[in-house]
Amino acid sequence: MDPSKAAKNIKDAVESTAEKALDKAAELASPDIPGQPGPEPAPLDEPTTPREPLPRKKDQSAPDTRSATGAPSGAPDDVRTQHGAYLTTSQGARLRDSDHSLKAGPRGPILMQDHHFREKITHFDHERIPERVVHARGAGAHGVFEGYGTASEVTHAQFLQEGVTTPVFTRFSTVLGSRGSADTVRDTRGFATKFYTEEGTFDLVANNIPVFFIQDGIKFPDVIHAGKPHPDREIPQAQSAHDTFWDFVSLHSEAQHHTIWNMSDRGIPRSYRMMEGFGVHTFRLVNAEGGTSLVKFHWKPKLGVHSLTWEEAQFINGIDPDFHRRDLYDAIEAGAFPEWELGIQVFEDNPEEEFAGIDLLDPTKIVPEELAPVQPIGRLTLNGNPTNFFAETEQVAFHPGHLPPGIDVTNDPLLQARLFSYIDTQITRLGGPNFSQIPINRPHAPVNDMLRDGFHQHAVHAGVAPYKPNSLDGGCPFFAGADDRAFEDTPVRVAEATKVRANPASFDDHFSQVRLFWASMSPVEKEHIIRAYSFELGKCYEDAIKERQLQHLADIDPVLCQEVATALGLPAPAPTVELTQETPSPALSQVGGTWPADGRMIGIVVDPDGDLAGVEALRAAIFSAGAVPLVVGPHGGTVGPLTVQRTFATGRSVEFDVLLLAGHPKPAPDALASRDDKSGAPSGPALDPRVQLLIDETWRHAKVIGAWGDGVTALESAGYSGRLTGVVTGDDATTVFGQVQELMASHRVWDRFPVAVS
């Protein structure tokens with residue numbers, strides 16, 4: 001094929017994919033409550049008339065239909081889904097029964113000749129692949145990235161040029177927990193994005209914390225072994241509140257910076273949609289003239305950075321352990337597409353690889369944004385849910401060494417280790433070296449790699465000469481010339497040195513940036529950090545570990561140390577180093593801004609005798625504001641003209657960002673402590689105790705509350721009367737919601753409660 005024609009086909013396919021992705025916004029804009037499991041309502045009786053498989057739901061996407069060697073196939077996007085109305089074997093033979101094995105008589109043993117049983121059970125026995133050692137618990141989504149062109153001065157990477165749209169797949173994850181663990185644990189989150197660029201795949205493997213526990217990758221097994229459940233009992237799951245974790249970090253002062261981030265509100269995000277992302281390492285960019293710069297990558301969420309309170313997180317782990325993935329999928333289904341801006345901090349590529357005295361190769365350090373502003377270079381929009389979790393989210397394979405021309409790595413010793421570890425992991429997890437041919441991993445650029453055979457080889461390679469040089473295959477494949485956009489390893493000079501197992505002296509400062517983080521927190525965030533350290537260390541058994549960590553806290557800040565020591569019942573040690581005063585970095589705090597309401601969940605408590613007409617108008621206003629209204633009623637079905645999404649029995653405050661009261665519901669028939677534990681909560685006169693609990697929890701989690709009409713009476717019955725911070729009352733729903741919207745923009749009402757630290 002003519003190379004120019006092949007390139008045009010690829011360009012057309014990429015543009016088509018991007019256009020389809022951008023069109024999803026209009027397609028999904030209908031104001032429906034998300035969560036319907038299928039594309040059609042399920043009938044009451046089992047369907048018996050044969051029909052073709054149902055189409056995918058409108059919110060679902062699938063990997064682009066590429067060949068195993070990256071060529072656009074031109075096939076419809078459902079080519080890989082099930083086809084045909086009848087159940088078949090894996091070879092396409094139709095089956096008349098899959099409920100009964102073939103036996104020697106109805107009560108006899110199963111016959112070995114039952115090929116269908118053997119195929120079905122053998123495949124089932126091998127359905128699971130080894131889960132990731134880290135980042136096992138995850139959720140992913142399809143989307144599109146659009147370059148702004150603002151990075152063109154520092155990189156010639158094609159996907160970052162102005163107006164270029166690139167299909168992507170992003171996976172979010174926790175680090176420590178198993179696949180079956182809960183979402184809202186205190187942990188670091190992964191934020192990995194696969195860019196299917198025309199010049200080869202780029203994997204930006206990021207975290208929601210910009211620093212790491214260790215400086216050298218050789219210690220990665222140690223920190224993970226320490227954070228994982230104890231090997232003797234396999235507990236505790238998906239958390240760091242135990243002896244082995246704190247034993248390790250208290251013996252490694254380099255871990256203190258990551259630890260304080262993890263003990264902050266960043267450790268329990270409200271949503272993946274409200275989570276920042278950081279590339280952690282410093283990368284090297286190369287521009288069209290061959291000039292180089294050092295950069296750090298940042299993802300900035302459109303909705304701001306927000307977190308759960310510790311009590312909310314504990315509730316959710318029991319009530320809805322899938323909270324974060326459900327929030328992501330529901331937001332996409334509702335058309336509230338999550339968005340982030342990709343930005344870079346740019347530094348001179350100097351021989352010292354330092355900026356403002358900060359070693360850029362130290363993965364335990366940040367560069368404050370006030371010293372090096374984050375420059376936006378593109379926008380990520382996630383607009384398609386997976387069609388199949390295993391095929392896409394579970395099998396997607398990231399690797400920091402997947403780099404397009406214009407982006408290169410540095411000598412960060414943790415990044416260098418990851419360049420080996422990731423690809424080694426994929427070979428084991430995904431059954432061999434051909435994991436790049438799994439549909440979700442297939443590049444959107446032509447592949448002619450001369451790699452052959454191996455487990456799960458999907459390509460049918462032609463030719464007889466997979467080696468270079470050759471003449472039997474016409475010399476193909478050829479090396480790319482200087483003008484052919486080849487990837488080039490940046491010719492960085494490596495200084496003459498002696499082989500050593502050591503770090504540079506600049507890696508030795510383990511505390512100044514921890515003090516910077518503490519100094520940058522608002523008082524309420526400091527309270528949360530104190531509470532986190534107190535809880536986590538309080539779960540440790542050995543006092544020696546607690547005392548060792550308290551010494552580190554003393555070397556960070558005396559107030560932090562004293563408050564945690566008081567909670568632990570231990571004396572606060574004196575600092576062993578001089579405590580330098582650090583200039584706060586406002587960018588590190590989550591508090592103080594205003595953000596859109598996109599995808600926020602608003603619970604509306606209704607009463608059959610309350611203002612139902614006002615609620616109908618209110619729902620329309622909430623949808624118009626980009627949020628999602630959930631009607632909370634005394635029973636399922638309908639209350640007047642309203643469809644109920646949550647009942648007093650099934651709803652809980654942690655599902656809602658805002659609580660609105662449209663009535664004063666009396667105790668429902670199921671408000672019995674023997675039937676619903678929540679009904680045992682104390683309640684005001686004639687108020688359902690579950691509503692009392694909703695109000696109490698919403699209040700203490702610093703969320704906005706609104707009420708009108710009989711809803712004001714419900715507030716008063718619950719003990720909330722007078723002028724209260726973050727509580728809006730009025731005569732009608734429209735007026736109240738207008739004021740609620742203003743308060744929602746700040747996410748929480750943190751000034752509702754006084755704090756003890758400044």
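A few comments on the model shown:
- Kirkwood estimate for the range 335-442, i.e. one over the average of 1/r between Cα atoms, Å: 17.1
- Per-q log10 I(q)/I(0), the range 150-227, q = 0.26 Å⁻¹ (Debye; single scatterer per alpha-carbon; no solvent): -1.24
- Considered as an equivalent ellipsoid built on the Cα gyration tensor, the range 548-594 has semi-axes of 25, 15, 7 Å, the largest given first.
- ³J(HN,Hα) computed for each position of the range 578-590 - Karplus, 6.51 cos²θ - 1.76 cosθ + 1.60, integer Hz, glycine/proline x: 6, 8, 6, 8, 9, 6, x, 10, x, 5, 7, 8, 8
- Label-point gap, in nm, between residue 348 and residue 82 - each point 7 angstrom along Cα→Cβ: 6.3
- Positive-end residue, the range 85-186 charge dipole about Cα centroid, Cβ charges, pick of 122, 167, 154: 122
- Taking only alpha carbon atoms, the range 604-680 gives an Rg to Rh ratio of 0.97, where Rh is the Kirkwood radius.
- Mean accessible surface per residue for the range 96-251, computed with a 1.4 Å probe while every protein chain stays in place, in Å²: 44
- Long-range HN-HN contacts of residue 647 with modeled amide H, under 5 Å: 633
- Note on the range 726-758 and the range 398-428: Cα centroid distance 46 Å, given to the nearest whole angstrom.
- Once the Cα-Cα distance is subtracted from the 0.36 nm per residue extended length, the residue 326 to residue 32 segment shows a gain of 104.3 nm.
- Inter-label distance for residue 732 and residue 129, nm, one decimal - labels placed 7 Å from Cα along Cα-to-Cβ: 5.9
- In the frame of its principal axes, the range 230-379 has Cα extents of 55, 47, 26 Å, reported largest first.
- Per-residue ellipticity at 222 nm from helix content only, as computed over the chain with -39500 (n - 2.57) for each DSSP H run of at least four residues, stands at -8000 deg cm²/dmol.
- Förster radius 45 Å - calculated FRET efficiency between residue 452 and residue 519, Cβ distance, rounded to 0.05: 0.20
- Here the contact order of the range 613-758, divided by its residue count and restricted to Cα pairs under 8 Å and six or more residues apart, works out to 21 percent.
- Spin-label zone in the range 304-325 - amide nitrogen under 20 Å from a point set 7 Å from the Cα of residue 724 along the C-beta vector: 309-312
- R0 of 30 Å, Cβ-Cβ distance residue 686-residue 621: FRET efficiency to nearest 0.05: 0.55
- Net charge in the neighbourhood of residue 543 (other residues with Cβ under 15 Å of its Cβ; Lys, Arg +1, Asp, Glu -1) is -2.
- For the chain, the relative contact order is 12 percent, taking Cα pairs closer than 8 Å that sit 6 or more residues apart in sequence and dividing their mean separation by the residue count.
- Candidate values (i) 1.10; (ii) 1.15; (iii) 1.04, label of the one derived for Cα Rg over 2.2 N^0.38 Å: (iii)
- From most to least packed by mean Cβ count within 10 Å, the peptides 664-675, 567-578 give 664-675, 567-578.
- Each of 580, 552, 523 was scored by the projection of its Cα onto the charge dipole of the range 487-591, and the greatest displacement toward the positive side belongs to 552; charges sit on the C-beta of Lys, Arg, Asp and Glu.
- Extending 7 Å from the Cα toward the beta-carbon at both residue 470 and residue 42 defines two label points whose distance is 5.3 nm.
- For the range 539-546, backbone phi angles converted through the Karplus equation (6.51, -1.76, 1.60; θ = phi - 60°) give residue-by-residue couplings of 8, 7, 8, 7, 4, 4, 5, 4 Hz, Gly and Pro being listed as x.
- Charge tally in the Cβ shell below 11 Å around residue 404, where Lys, Arg are +1 and Asp, Glu are -1, residue 404 excluded: -3
- The range 284-373: chymotrypsin sites (Phe, Trp or Tyr not before Pro) falling in loop per DSSP and having at most 12 other Cβ within 10 Å: none
- For the range 656-703, the spread of Cα positions along each principal axis, largest first, Å: 30, 21, 17
- Net charge of the neighbourhood of residue 663, taken over other residues with C-beta under 12 Å away and scored Lys/Arg +1, Asp/Glu -1, is -4.
- Calculated FRET efficiency, residue 178 to residue 93, Cβ-Cβ distance, R0 = 41 Å: about 0.60 to the nearest 0.05.
- Cα centroid separation, the range 315-352 to the range 503-554 (Å): 26
- Taken per residue, the accessible surface of the range 258-323 reaches 22 Å², heavy atoms only and a 1.4 Å probe.
- Using θ = phi - 60° in the Karplus curve 6.51 cos²θ - 1.76 cosθ + 1.60, the 3J(HN,Hα) couplings for the range 324-341 round to 6, 6, 5, 4, 5, 5, 5, 4, 5, 4, 7, x, 8, 5, x, 9, 9, 9 Hz; x is entered for Gly and Pro.
- Using every pair of distinct Cα positions in the range 50-192, the Kirkwood expression returns a hydrodynamic radius of 20.5 angstrom.
- Additional length obtainable on full extension of the chain from residue 566 to residue 483, 0.36 nm per residue less Cα span: 23.3 nm
- As an equivalent ellipsoid, the range 158-295 spans semi-axes of 32, 18, 13 angstrom, where each value is the square root of five times an eigenvalue of the C-alpha gyration tensor, largest first.
- Relative to the compact-globule estimate of 2.2 N^0.38 Å, the Cα radius of gyration of the range 431-492 comes out at 1.33.
- The listed peptides 53-66, 445-458, ordered by packing as a protection proxy, come out as 53-66, 445-458 (highest mean of other Cβ atoms within 10 Å first).
- Using only alpha carbons, the range 498-627 has a radius of gyration to Kirkwood radius ratio (Rg to Rh) of 1.23.
- Under the Debye formula (equal points on every Cα, no solvent term), log10 I(q)/I(0) of the range 623-758 at q = 0.09, 0.11, 0.13, 0.18 Å⁻¹: -0.26, -0.39, -0.54, -1.04
- Evaluated at q = 0.10, 0.15, 0.19 Å⁻¹: base-10 log I(q)/I(0), Debye formula over Cα of the range 556-674: -0.56, -0.74, -0.99
- The alpha-carbon positions of the range 240-285 define a convex hull whose volume is 101 Å³ per residue.
- Rolling a 1.4 Å probe over the protein heavy atoms of the chain, with every protein chain left in place, gives an accessible area that is 54 percent carbon and sulfur.
- Partners of residue 228 within straight-line reach, counting aspartates and glutamates whose Cα lies under 18 Å from its Cα and excluding those fewer than 8 residues away in the same chain: 131, 183, 187, 243, 247, 536, 542.
- For the range 108-200, diffusion coefficient by Stokes-Einstein and Kirkwood Rh (Cα), 37 °C, 0.692 mPa s, µm²/s: 191
The values are calculated or read from the model by the stated rules, or taken from the named source; none is laboratory data. Keep in mind that this is a model prediction, so the values were computed, not measured. Glycine also receives a Cβ, built like all others from the backbone with ideal geometry; neighbour counts cover every protein chain displayed. Ligands, DNA and RNA are excluded from the accessible area calculation, which covers all protein heavy atoms including side chains. Shrake-Rupley method; radii C 1.70, N 1.55, O 1.52, S 1.80 Å.
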